[in-house]
Amino acid sequence: MDEGAASPRCLGAGARKAVGRAARRRLPRRLHRGWEPPSDRPDPIEILQAQAATREQDLVPIRYGRMLSSPFAFFRGGPAIMANDLAGTPSSGITVQACGDAHLVNFGLFGSPERDLVFSLNDFDETLPGPWEWDVMRLAASVAVAARQNGCSHKQQQDVARETVRAYREAMLGFAVMPTMDLWYLHMPSDQVLEIASRLEDEFGLKAPKMTPHRLERIFAKARARDNLAALAKLTETDGKTIRLASRPPLLAPVRELWAADDAERVAEGIGLALASYRASLRDDRRALLEQFEVVDMARKVVGVGSVGTHCYVALLQGKRPDDVLFLQVKQAEASVLESHLQQSGYGNHGQRVVTGQRLLQAVPDIFLGWSRGPDGNDYYVRQLWDMKGGIDPAKLTPGGLGVYGGLCGWTLARAHGRCGDEVAIAAYLGKSDAFDDAVAAFAVTYADVNDRDHQTLAAAVEAGKLQAVNDL
């Protein structure tokens with residue numbers, strides 16, 4: 001199957017429904033609940049160490065420290081662990097462009113090219129064509145893990161996971177009858193976040209004090225303020241004549257300080273060459289816009305949890321005057337964690353894999369989204385560092401809030417899958433009953449148990465001195 005392909009969508013709606021119904025006969029929906037970790041399950045620490053072997057070694061302890069901070073942080077940092085587990089679960093055989101890491105914190109707010117604030121998936125490092133169920137199961141499990149960490153009961157964990165899956169299923173049923181072009185252009189602006197949150201609360205009786213219109217408006221205002229000017233104030237310093245990226249190692253380390261002068265010059269030149277190559281991946285109009293800026297400084301920047309240790313840089317570009325700035329993130333793209341269990345990417349550059357997946361899954365992607373290969377032989381993708389980016393912290397949500405937020409993410413994931421997969425076949429598989437919702441909710445709570453044990457295994461490895469972890473960074 002070609003990259004980005006899914007179930008045959010050239011068939012009529014009736015034939016596509018038949019595909020989904022046939023899949024349901026082969027794999028009854030209730031069977032998604034039955035997973036238990038097999039006796040020969042790989043050691044999760046070995047999976048993490050295998051990833052660490054290709055990363056910047058001075059940053060790997062930061063990754064382990066961040067994953068140790070909570071079971072949810074461990075879950076965030078371990079998509080490779082869950083990919084191995086999902087590979088042992090049954091699949092309907094219907095393929096989409098999978099996100100590959102669809103957990104609660106990988107959904108959020110950002111600015112559209114029209115400068116509207118929209119809500120969508122926002123991390124695509126692991127994207128690859130794959131089973132749509134894997135994304136739904138990872139999202140539902142993340143809701144259960146977050147609920148447990150927030151002190152919710154076993155029943156509440158299962159309930160909020162079920163609401164998340166129900167929102168996905170009901171959205172997909174609606175997308176299955178929506179005109180094709182309408183679905184392609186569909187996205188969720190901030191005012192629709194308010195509308196959907198209110199509807200989910202009304203329909204399902206979910207009480208979400210942290211997601212009232214007033215609270216959400218405050219989150220939106222904070223996201224709108226997180227732009228290039230905010231990055232200029234937070235990430236730079238000036239001597240009155242020039243502006244440079246600040247030195248705050250190890251999280252923000254200017255290239256000029258990471259290496260000796262000759263090596264720093266070589267690294268900066270390499271990043272510059274990577275950015276020059278990146279320009280070729282942009283549309284002509286966006287390339288013309290980028291060329292109005294000059295690169296004036298570069299730094300290594302530590303980001304995320306699972307990504308810590310990959311090569312990641314921030315480039316400061318300047319336009320007409322000192323405060324006319326653009327910040328670009330240049331992030332290494334490795335093979336998707338799904339590739340060990342599915343077909344390999346059809347792209348020769350993993351940055352291109354990430355960018356193409358993002359363009360399929362997002363209706364309004366970053367205008368500066370592109371890819372490159374650096375002189376070091378690594379693949380990279382490039383995007384704006386801060387572009388009205390924001391999110392909702394699941395650690396602060398009540399059970400009702402998690403149900404509402406999980407529902408928003410479920411709707412958003414269904415919209416993404418509907419753009420690039422066969423929404424008619426998936427909807428026909430899901431059906432109108434809650435059989436799939438119940439099954440995946442049960443799986444989610446089981447997986448939260450497994451995640452707890454894996455988190456404890458990492459803690460034991462650090463305590464025993466087998467791994468080094470740096471906390472509070």
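Normalised per residue, the accessible area of region 286-388 is 35 Å², obtained with a 1.4 Å probe and no contribution from ligands, DNA or RNA.
Measuring with a 1.4 Å probe in the full set of protein chains, what accessible area per residue, in whole Å², belongs to region 414-463?
Per-residue accessible area for region 414-463 comes out at 26 Å².
Net charge dipole, region 298-447: roughly 500 debye, given to the nearest 20, about the Cα centre with Cβ charges of +1 for Lys and Arg and -1 for Asp and Glu. Given +1 at the Cβ of Lys and Arg, -1 at the Cβ of Asp and Glu and no other charges, the dipole of region 275-373 around its Cα centre is 100 debye to the nearest 20. With both residues required to sit in region 290-425, DSSP beta bridges show an antiparallel share near 95%. With semi-axes defined as the square roots of five times the eigenvalues of the C-alpha gyration tensor, the equivalent ellipsoid of region 37-102 measures 25, 14, 12 Å, largest first.
Relative to one another, the C-alpha centroids of region 278-308 and region 20-42 are positioned 42 Å apart.
The tail of the calculated P(r) for region 130-254 beyond 22 Å holds 60 percent of all Cα-Cα pairs. Under 22 Å of direct C-alpha separation, and excluding same-chain neighbours fewer than eight residues apart, K241 reaches these lysines: K320. By how many degrees, 0 to 90 and rounded to 10, does the Cα axis of helix 132-149 deviate from the longest principal axis of the chain? Compared with the principal axis, the helix lies near 80 degrees.
Put simply, when 79-87, 407-415 are sorted by average Cβ atoms within 10 angstrom per residue, most first, you get 407-415, 79-87.
When the Cα convex hull of region 104-177 is projected onto planes of every orientation, the mean area is 6.7 nm². Geometric descriptor of region 180-320, per residue, is 206 Å³ (volume of the convex hull of the Cα atoms).
Using only alpha carbons, build the gyration tensor for region 422-462 and give me the equivalent ellipsoid semi-axes, biggest first, whole Å.
34, 12, 4
For the chain, the dipole from Cβ point charges (+1 on Lys and Arg, -1 on Asp and Glu) about the Cα centre works out to 1000 debye, to the nearest 20. Here region 368-473 is treated as an ellipsoid with the same Cα gyration tensor; its semi-axes, largest first and in whole Å, are 32, 27, 17.
Selection among H154, A140, M188 by position relative to the dipole of region 132-190 gives H154 as farthest towards the positive end (Cβ unit charges, Cα centre).
Put +1 on the Cβ of each Lys and Arg and -1 on the Cβ of each Asp and Glu in the chain; which of G130, P28, G377 then has its Cα farthest toward the positive end of the dipole? Farthest towards the positive end: P28. Accessible surface for R33 stands near 110 Å², nearest 10, in the context of the full protein assembly shown (1.4 Å probe).
Could you give the longest part of the chain that holds none of the GluC sites (Glu not before Pro) found in DSSP loops with at most 15 neighbouring Cβ atoms within 10 Å?
That would be 292-473.
Helical content of the chain, expressed as a calculated mean residue ellipticity at 222 nm, amounts to -15500 deg cm²/dmol (DSSP H runs of 4 or more residues, -39,500 (n - 2.57) each, divided by residue number, nearest 500).
A full extension of the chain between V470 and K432 corresponds to an added length of 8.9 nm, given 0.36 nm per residue minus the alpha carbon distance. Taking a straight line from the alpha carbon of K155, these lysines sit under 30 Å away, with near neighbours fewer than eight places off in the same chain left out: K207, K210, K396, K432.
For the chain, the mean projected area of the C-alpha convex hull, equal to one quarter of the hull surface, is 22.3 nm². Taking every DSSP bridge with both residues inside region 209-363, close to 95 percent are antiparallel. I'd like the carbon and sulfur percentage of the solvent accessible area for the chain, probe radius 1.4 Å, heavy atoms only, ligands and nucleic acids excluded. Carbon and sulfur atoms account for 51 percent of the accessible area of the chain. The convex hull drawn around the Cα atoms of region 73-133, when projected onto a plane and averaged over every direction, covers 5.0 nm². Taking only the alpha carbons of region 1-125, we obtain Rg and Dmax values of 18.9, 56 Å in that order. Computed from label points 7 Å out along Cα-Cβ, the spacing between A459 and A260 is 4.4 nm. With respect to the chain, whose longest principal axis is taken over its alpha-carbon atoms, helix 13-26 is tilted by about 80°.
The values are calculated or read from the model by the stated rules, or taken from the named source; none is laboratory data. No experiment lies behind these values; they were computed from the predicted model shown. Glycine gets a Cβ as well: all are built from the backbone with ideal geometry, and neighbour counts include every protein chain shown. Side chains are part of the model used for accessible areas, which takes the heavy atoms of the whole protein and leaves out ligands, DNA and RNA. Shrake-Rupley method; radii C 1.70, N 1.55, O 1.52, S 1.80 Å.
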